[in-house]
Amino acid sequence: MQEIFQAIKRSAAKIAEAIHQEERGYSHKKNSSGEQQLKLDILSDEIIENELGAVSSVKVLASEEKSEPMLINGGGRYLIGYDPLDGSSLVDVNLSVGSIFGIYEESFDAPNLIAAAYVVYGPRVEMVISTVKAERFLLSDGEFSFVEELSLGEKGKINAPGGTQKEWFAHHKELIDSLFKEGYRLRYSGGMVPDLHQILVKKGGLFSYPGTQDRPKGKLRKVFEVFPFAHVFEKAGGYAIDDRGERILSQRVNNVHETTPCFFGSKYEIETVKRFYERTK
Ligand code: AFP
């Protein structure tokens, strides 16, 4: 699997360069979710496909930017689901964005996720890899150097509430308000990768992207976004659950573009989510 992480590191360095040099603007294409694709979306996807597609152990690639998974090598072992440039619309307002990778065996069901990685393109380029633990790396002089092992505490101070607030269900609004009443600080950029990275580095808090009245299954994609971050959070001693209070990593998928409500955080916050959501059962 090390050859996969090396390919991801090479991709990250190239995408970081593209973000700072490539022209902005939208292409004439749309992705499978019907979203207009930025030229950077397409370029990032091409960079990753070229790097990972050359790794002999890779069997299938599934990109958020493509409607169907691609068979790369029938004799390969790993299936990789990835979001090449999550939050890409934030580049034009100079906010941090990221790439997210899930490494699966046999299928894209969460129980078959064996490792995950993400890259944050911000003031610095950082990468986190989760296998048996979650490890943070910093890109400097073209190389990723180890920084620390990520480890969440029991409780944090950050509240990152996603989704359109006027579409929140009442019990979700009560949950979010209760944390602010406890003194939690609002930290939400609209970029899943930096918003979750901040909670991991600050050792606690809650990120939520709930089911809403207009999007009961939430917005974030299981295979490309939610499962990989659930893996990172659990390896960092945190938790990741859905709106039924079940572990995200027990979920299965029928289509790689499925979404799920999701909550990521330290112990106290996830127990609080369960308390407010159990009232609705
Ligand atoms: P884009 O990739 O369309 O910019 O969306 C980013 C994202 O999928 C994820 O990175 C954020 O957590 C989430 O959307 C923010 O969504 P809201 O703007 O609805 O809170």
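Please specify each residue of segment 193-225 satisfying the condition of being farther than 20 Å from MET127 by Cα and either among the aromatic types (Phe, Trp, Tyr) or free of Cβ contacts under 8 Å to residues at least 60 places away in the same chain (or both).
The answer is TYR209, PRO210, GLY211, THR212, GLN213, ASP214, ARG215, PRO216, LYS217, GLY218, LYS219, LEU220.
Among the residues of segment 168-192, how many are in contact (Cβ under 8 Å) with a residue 24 or more places away in the chain and either more than 16 Å from the ligand (Cβ to nearest atom) or of a type in the set (A, V, I, L, M, F, W, C) (or both)?
13
Pairs under 8 Å by beta carbon, first residue touching a residue at least 24 places away in the same chain (Cβ under 8 Å) and in the same structural domain as GLU17 (by TED's automatic domain parsing) in segment 82-93, partner near the ligand (Cβ under 8 Å from one of its atoms) and part of a helix (DSSP H, G or I), six or more apart or different chains?
As it stands, the answer is ASP83/GLU225; ASP86/MET192; ASP86/VAL193; ASP86/GLU225; GLY87/MET192; GLY87/VAL193, since those pairs meet every condition given.
Test each condition in (1) small (Gly, Ala, Ser); (2) within 16 Å of the ligand (Cβ to nearest atom); (3) part of a loop (DSSP other than H, G, I, E, B) for ALA116 and report the one that comes out false.
(3)
Taking strands (runs of 3 or more DSSP E) that fall entirely within segment 7-97, which contain at least 2 residues that are touching a Ser or Thr at 6+ places or on another chain (Cβ under 9 Å)?
Passing ranges, in order: 36-38, 78-86.
Please go through segment 151-167 and pick out each residue that is more than 18 Å from the chain's Cα centre (by Cα), in contact (Cβ under 8 Å) with a residue 12 or more places away in the chain and either part of a helix (DSSP H, G or I) or surrounded by 20 or more Cβ atoms within 10 Å (Cβ to Cβ) (or both). Spell out the reasoning first.
To start, the set of residues in segment 151-167 that are more than 18 Å from the chain's Cα centre (by Cα) comprises 153-157, 164-167.
Imposing the further condition that a residue be in contact (Cβ under 8 Å) with a residue 12 or more places away in the chain reduces the set to 153-157, 164, 167.
Those that are more than 18 Å from the chain's Cα centre (by Cα), in contact (Cβ under 8 Å) with a residue 12 or more places away in the chain and either part of a helix (DSSP H, G or I) or surrounded by 20 or more Cβ atoms within 10 Å (Cβ to Cβ) (or both): GLY156, GLU167.
Can you confirm whether GLY237 is over 21 Å from ALA117 (Cβ atoms) and in a loop (DSSP other than H, G, I, E, B)? Outline the logic, then answer.
Working: over 21 Å from ALA117 (Cβ atoms): no; in a loop (DSSP other than H, G, I, E, B): yes.
Judged against the criteria, GLY237 is not a match.
Kindly indicate which of ASP92, ASP83 is surrounded by 19 or more Cβ atoms within 10 Å (Cβ to Cβ), within 15 Å of the ligand (Cβ to nearest atom) and not aliphatic (A, V, I, L, M).
None of the others qualify; the one that does is ASP83.
The values are calculated or read from the model by the stated rules, or taken from the named source; none is laboratory data. Please read these numbers as outputs of a predicted model, since none were measured by experiment. Glycine gets a Cβ as well: all are built from the backbone with ideal geometry, and neighbour counts include every protein chain shown.
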